[in-house]
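Okay, so here's the structure we're looking at.
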Amino acid sequence: MASRPQNIGIKAIEVYFPSQYVEQSELEKHDGASTGKYTIGLGQTKMAFCDDREDIYSFALTVVSNLLKKYEIDTNSIGRLEVGTETILDKSKSVKTVLMQLFGDNTSIEGVDTLNACYGGTNALFNTLNWIESSAWDGRDAIVVAGDIALYAKGNARPTGGAGAVALLVGPKAPIVAEPGLRGTYMQHAYDFYKPDLTSEYPYVDGHFSNKCYTKALDAAYRDYNKREAKVANGHSNGDAAKLSLD
C-alpha cells in the first residue's frame, strides 16, 4: 500500500484582477461620504470592476491558464479541479466544466463547483485536501479556483464590492502545509446576506446583523478548532497520530 502523502497544502498561487477600478476616494466624493470613510474606515483604496468583455468564466480561464503557464504544469498531472464562487452565469453548467477546455485530452479530472457566499472557496479547498488524503487519490495534484464579481446596489454596501480570482495548485510536499485534522467549523441558517432574486446580481444585505453573524461564527469556529487541536495532541484524530504535528 502506498504511504500516506505528506505535507499536503498549497504548492503555487496565481491571482487575477481586472485592470479597471474605481478610486475609493473618488467614490467617497460621489457618494457624499466623509473623507476616509472608505479608504480608512474600510481600508480600501481601489475597487475593481469588469466591463462587458469579462465575466466569471473569463476570470477563471485567465487565472488557471496563467497558473499552468507560469509554473509549467503538465495538464495530465491534475486529477481534481474545484471552483468556489457565488457568481453564476448558468443554473446548471458549472464553471469547472468551462475550465476543462484548458486540459486537452485529460478528461479524468474530478471536482465541481461549490456555490456559496464567501465560504465557497474555503469549502472547495477542503474538498480538495480531503481528496488527496483519501483512498480516491491517484497521486496527481489538484487545482482550486476561487473567484467572484461582487456588485452592490447604490448604498452603504457598494464600496465593499470588487472582482477577482485566485488559483491554487494543491498537493503533497507543499511549502504551505494544511495540518491534517486541524480545522474549525461553524454553520448556521441566517438571512444576513443572500441573493433570492435570480434576475438581479445585487444581494440583500443586513450589515449590522451580518457583522454579528461573522463574529459569532469566528468565535465558535475557533472554539471548535481548539477542541480538534486537543484531540490531535492526544492522538484521537483520524489517521496515524504519530505523523501529525502542531509545531
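A few comments on the model shown:
- Yes/no for Leu115 being among the hydrophobic types (A, V, I, L, M, F, W, C), at pLDDT 95 or above and assigned by TED's automatic domain parsing to the domain that holds Val145: yes
- Exactly one residue out of Thr97, Thr87 is among the β-branched types (Val, Ile, Thr) and out of contact with any strand residue (DSSP E or B) (no Cβ under 8 Å at 6 or more places or on another chain): that is Thr97.
- Looking only at residues in the stretch 197-220 that are touching a residue at least 24 places away in the same chain (Cβ under 8 Å) and assigned to a loop (DSSP other than H, G, I, E, B), the one that is surrounded by the most Cβ atoms within 10 Å (Cβ to Cβ) is Pro203.
- Some residue of the stretch 91-108 being modelled with pLDDT under 95 and part of a loop (DSSP other than H, G, I, E, B): yes
- In the set Thr97, Thr87, only one residue is among the β-branched types (Val, Ile, Thr), at negative phi and surrounded by fewer than 20 Cβ atoms within 10 Å (Cβ to Cβ); that residue is Thr97.
Matching residues to (1) more than 17 Å from Ala165 (Cα to Cα); (2) in contact with a strand residue (DSSP E or B) (Cβ under 8 Å, 6 or more places away or on another chain):
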site: Thr35; (1), (2): yes, no
site: Gly43; (1), (2): yes, no
site: Lys46; (1), (2): no, yes
site: Asp51; (1), (2): no, no
site: Ser58; (1), (2): no, no
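- In the set Val112, Val22, only one residue is of a type in the set (Val, Ile, Thr) and within 20 Å of the chain's Cα centre (by Cα); that residue is Val112.
- Residue selected from the stretch 121-154 under the condition under 21 Å from Glu54 (Cα atoms) and crowded, with 19+ Cβ neighbours inside 10 Å, by the criterion nearest to the chain's Cα centre (by Cα): Gly121
- Beta carbons closer than 6 Å, at least 6 apart along the sequence or on distinct chains, pair a first residue in the stretch 167-196 that is assigned to a strand (DSSP E or B) with a second that is of a type in the set (Ser, Thr, Tyr) for Val170/Thr128; Phe193/Ser210; Tyr194/Tyr204.
- Yes/no for Thr39 being assigned to a loop (DSSP other than H, G, I, E, B) and surrounded by 15 or more Cβ atoms within 10 Å (Cβ to Cβ): yes
- Restricting Leu182, Leu168, Leu246 to residues that are at pLDDT 95 or above and closer than 27 Å to Gly9 by Cα narrows the list to Leu168.
- Candidates are the residues of the stretch 1-27 that are charged (D, E, K, R) and at pLDDT 95 or above; the one that is surrounded by the fewest Cβ atoms within 10 Å (Cβ to Cβ) is Glu26.
- Only one entry in Lys93, Lys70 is over 26 Å from Gln6 (Cα atoms) and in the same structural domain as Ser3 (by TED's automatic domain parsing), namely Lys93.
- The requirement of being more than 21 Å from the chain's Cα centre (by Cα), over 17 Å from Val166 (Cα atoms) and assigned by TED's automatic domain parsing to the domain that holds Thr160 is fulfilled nowhere in the stretch 7-14; no residue meets it.
- Any hit, the stretch 62-82, residues being under 28 Å from Asp197 (Cα atoms), touching a residue at least 60 places away in the same chain (Cβ under 8 Å) and out of contact with any Ser or Thr (no Cβ under 7 Å at 6 or more places or on another chain): no
The values are calculated or read from the model by the stated rules, or taken from the named source; none is laboratory data. None of these values were measured; they are calculated from a predicted model. Cβ sites come from the backbone with ideal geometry, for glycine too, and all protein chains shown count toward neighbours.
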